[in-house]
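Quick notes on the structure that follows.
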Amino acid sequence: FSAQFFLLSAPPGTGKTTFLQTCAEKLRSQGLRVGGVLAPSSADTGRRQLVLLSAPDKPLTWQLNDGKPGDGEGCAPADAEVPEGAVQVGNFLFSEEAFGRAREELQGVLGTEGGPTSAPADWVLVDEVGPLELRKGQGLEPAVGNLLRAGARGELGPPQPRFIIVVRPSLRDEVVKTYGLDGTGCAAAPDDGMFAGFGGPEARAAAVVNLEVPAPGEATDALINRPTP
């Protein structure tokens, strides 16, 4: 069976978001439902926007300044003043309102009913999970954590959606452990959920695959056309 969680790790500027945009377009062209959030740069300002995949033609203002790249840890100097309605990540400021809309998007994929439900998306793209979520519980949290944990427990279908998650290489293992993508901390019985008959946590561990950004022009069909578990 194929993976449910594809972890896309690569340095900045290597085309991760462009790749996800291509994936979203091809998935939709095949009649598949796509949810989640992307963070492309504006062609006009160069600042990053948030695109909700339920409304991809209406990008949201997200990056609020042109600060020099920081360490991405979301830690500001003690005397720094953060404007109301902004979230500081390194030397950058981002809109909390846009983050709120992104959380609503992810919550919409999760749904409001407990237990297995009919998932409103076949694929979920998350660009990205970083220190702000993992270390501070802000940004896309708690929605992204609730969604990924529910997916790991097999609670989002049938059919189960599959995920492509952007994460920096140094945080890859932390994302897997924090959200239980490899079966750790999962209370579901081995024969429950999407992994029924596949050996419980061992199968969940096998359902996490590292993904590389393809070369420009390389087809995404091999990824998109993988058989559903």
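The values are calculated or read from the model by the stated rules, or taken from the named source; none is laboratory data. Quick caveat, the model's predicted, so the values are computed rather than measured. No Cβ is skipped: glycine too gets one built from the backbone with ideal geometry, and neighbour counts run over all protein chains shown. Note: accessible area is taken over every heavy atom of the protein model, side chains too, but ligands, DNA and RNA are not part of it. Shrake-Rupley method; radii C 1.70, N 1.55, O 1.52, S 1.80 Å.
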*Which of the residues belonging to the range 79-101 are modelled with pLDDT under 85 and either within 13 Å of the chain's Cα centre (by Cα) or closer than 11 Å to Val37 by Cα (or both)?*
none
*Test Leu7 against the stated conditions and say whether it is in a helix (DSSP H, G or I), modelled with pLDDT of 90 or more and open to solvent by less than 20 Å² (accessible area, probe 1.4 Å).*
no
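Matching residues to (1) over 19 Å from Pro161 (Cβ atoms); (2) free of Cβ contacts under 8 Å to residues at least 40 places away in the same chain; (3) surrounded by fewer than 22 Cβ atoms within 10 Å (Cβ to Cβ):
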residue	(1), (2), (3)
Leu20	no, no, no
Leu32	no, no, yes
Gly35	no, no, no
Ser42	yes, yes, yes
Arg47	yes, yes, yes
